[in-house]
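A.B. asks: For reference, the structure I am asking about is given below.
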Amino acid sequence: RPFPKRRALFVLSALLIGLSSATQTLPTPPPRPAEAARTLNDPIFPGLGQLGLDVRHYDVALTVEEPGSPTLRGVVTLTLGATRPLGEVRLDFLGPTVTAVRWNDRAVPFRVDVGAQKLVVTPPSPLLTGQEARLTVEYQGRPGVVRDPDFSTPVELGWQSVPAAGGLPGANFTLSEPNGTHTFLPSNDHPSDQATFTTRVTVPADYTVAASGVEGPVSSGNGTRTFVFTQAQPIPTYALGILVNRFERVTGPAVPVGVNGSPVARRDYFLADTPQTTRTIFSRADEMLRVLSGWFGPYPFAAYGVALVTPRLPALETATLSTIPPNLSTERAAVHELAHQWFGNDISLAGWADVWLNEGFAAYSELLWTEAQGGDGQAYAARWYANLERQGTRPLPARRAEQLFDLSAYQRGALALHALRAAIGDAAFRDFLRAYTARFSGRSVDTAAFLAFARTQAGTAGEAALRPWVESPGLPPLPVVER
Ligand code: ARG
Ligand code: ZN
């Protein structure tokens, strides 16, 4: 009788766990429920992701027949690798009805576990380390709903639908941070698993699609148009931006601030009624790219711009194409979302608890931009400090979902960087930022890795300046940068 594969896997993983605990002489961890052991065990979102799964590429094809309605049709092919043998692939998914699943083009068994928000696929044989496979999922219907964990903004994350109203056309777009992507895309929906994307979207011919990456040729069908975009550098799943509207696409001269001075294409997607003041703010992205790349090093992607949406929502740093609601059509948001292309998208989070590493850098870029305009950066820092004194603060690693996007993540995170700069001076701070982006480009980082890097790159004085901001329950003294 053949040895059951599941059993073989179980024995293998038991052996591996035994080996690692024997060599590390760590105390035996408490037993976890079987389900949790298979996820990435993110302390904030314990259900997300699959341990050992490495999605390298998503080839996404969506059809939006009626923009503004939530219904969509999708065919996605994921290129999978594994860092441990996988007898099942468990993708995050809370999306429309799955109609077919294929493994290397052959139909395979699957089931949807709605409670766990997983699409579970059983391959013909386990996916082994070093192997690659293609997993295709076809689905159609209404995307699921994930509530924003930030209770101050009662937003439903993921695929957004804005019905036509008041003379405005219907529209759809993604707004997924932190965990909304799996409402419309079966995915390993955790930022530690960055991937590249090809995104193809078919819409009625009078609509335009904007998405993360570089646009390819548009093809026309029977009353439809299909747009295609290539995101060739890996990004976290929440950073995939897809927007459907009657956009006006405005291009500008490329900016030579990419890797090795390569050109960064410029395109923004405005709406018919977008005021000139708003257009002017976002047309300054070329200057912002120059100022920020001066501090952070080369811009990591091949294009940058914004796409506007109409509901009042948080802005989001969707890769190469930030998503901007009307309430955040400001210079501050413009520079903030641009900075996230380095911090969040190119360098991603190893876990959600350390989201301050995204928000602190993005907020700090507002100060750097203010200074580049001749403004008073120290006064900017002093305002953050006063806000934290007034509203209270916490150590930087978040412990609960409601803390992810709070004042401390943004403003205390930014002050930690201000403290580092005050301790080592502008020249060393610039070197630090450039070395950090070079070291972690295309990778994930957590607070411990960041501090360790600070110690090697900026010395014990640099690390010592950061540490109280990371760890202390109270507010360390206001750092002062003399200029
Ligand atoms: N990363 C976004 C920004 O600061 C914020 C996203 C807030 N997300 C949320 N779910 N509330 O630009
Ligand atoms: Zn931000």
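The values are calculated or read from the model by the stated rules, or taken from the named source; none is laboratory data. Note that the structure is predicted; figures quoted are calculated from it, not measured. Counting neighbours? That spans all protein chains shown, and the Cβs are built from the backbone with ideal geometry, glycine included. Heavy atoms of the whole protein, side chains included, go into the accessibility calculation; ligands, DNA and RNA do not. Shrake-Rupley method; radii C 1.70, N 1.55, O 1.52, S 1.80 Å.
A.B. asks: Per residue, how big is the convex hull of the chain when only Cα atoms are used? Give it in Å³.
C.D. replies: So the per-residue Cα hull volume is 158 Å³.
A.B. asks: Using DSSP to call loops (not H, G, I, E or B), can you name the GluC sites (Glu not before Pro) in the stretch 434-483 whose Cβ has at most 12 other Cβ atoms within 10 angstrom?
C.D. replies: In loop regions of the stretch 434-483 (DSSP not H, G, I, E or B), the sparsely surrounded GluC sites (Glu not before Pro) are E482.
A.B. asks: Let me ask something additional. Nearest 500 deg cm²/dmol is fine: what mean residue ellipticity at 222 nm does the chain get from its DSSP H runs of n ≥ 4 alone, each adding -39,500 (n - 2.57), divided by its residue count?
C.D. replies: After summing the helix terms and dividing by the residues of the chain, the value is -9000 deg cm²/dmol.
A.B. asks: Among 377-384, 405-412, 188-195, 97-104, how do they line up by average Cβ neighbours within 10 Å per residue, starting with the highest?
C.D. replies: Highest to lowest by the protection proxy: 188-195, 405-412, 377-384, 97-104.
A.B. asks: Accessible area per residue for the stretch 49-168 in Å², computed with a 1.4 Å probe and the full protein assembly in place, what is it?
C.D. replies: It amounts to 45 Å² per residue over the stretch 49-168.
A.B. asks: While we're on this one: Enumerate by residue number the chymotrypsin sites (Phe, Trp or Tyr not before Pro) in the stretch 123-220 meeting two conditions: DSSP loop (anything except H, G, I, E, B), and at most 15 other Cβ atoms within 10 Å of the site's Cβ.
C.D. replies: Counting only loop positions with at most 15 other Cβ atoms within 10 Å, the chymotrypsin sites (Phe, Trp or Tyr not before Pro) in the stretch 123-220 are F151.
A.B. asks: Take the alpha-carbon centre of the stretch 292-329, take the same for the stretch 185-241, and report the distance between them in whole Å.
C.D. replies: 16
A.B. asks: Return one whole number: the accessible area per residue of the stretch 408-482 in Å², for a 1.4 Å probe.
C.D. replies: The answer is 40 Å² per residue.
A.B. asks: Going by the alpha-carbon gyration tensor, a ≥ b ≥ c the square roots of its eigenvalues, is the stretch 173-299 rounded (a/c under 1.5) or, if a/c is not under 1.5, prolate (a/b greater than b/c) versus oblate?
C.D. replies: It comes out oblate by the Cα gyration axes.
A.B. asks: So, with a 1.4 angstrom probe, what is the percent of accessible area on the chain that is carbon and sulfur?
C.D. replies: 55
A.B. asks: Now a separate question. Solvent-accessible area per residue for the stretch 269-357 at a 1.4 Å probe radius, Å²?
C.D. replies: 27
A.B. asks: Using 0.36 nm times the number of residues separating L128 and S220, minus their current alpha carbon distance, what extension gain do you get?
C.D. replies: This chain segment gains 29.0 nm when fully extended.
A.B. asks: Next question. Sorted by mean Cβ packing within 10 Å, highest first, what order do the peptides 264-271, 87-94, 338-345 take?
C.D. replies: Listed from highest to lowest mean packing, they are 338-345, 87-94, 264-271.
A.B. asks: What do you reckon, how do E66, E366 stack up by accessible area (1.4 Å probe), largest on top?
C.D. replies: Descending order: E66, E366.
A.B. asks: Against the 2.2 N^0.38 Å scaling, with N counting residues, where does the stretch 221-279 land? I'd like the Cα-based Rg ratio to two decimal places.
C.D. replies: Normalised Rg, Cα atoms only: 1.43.
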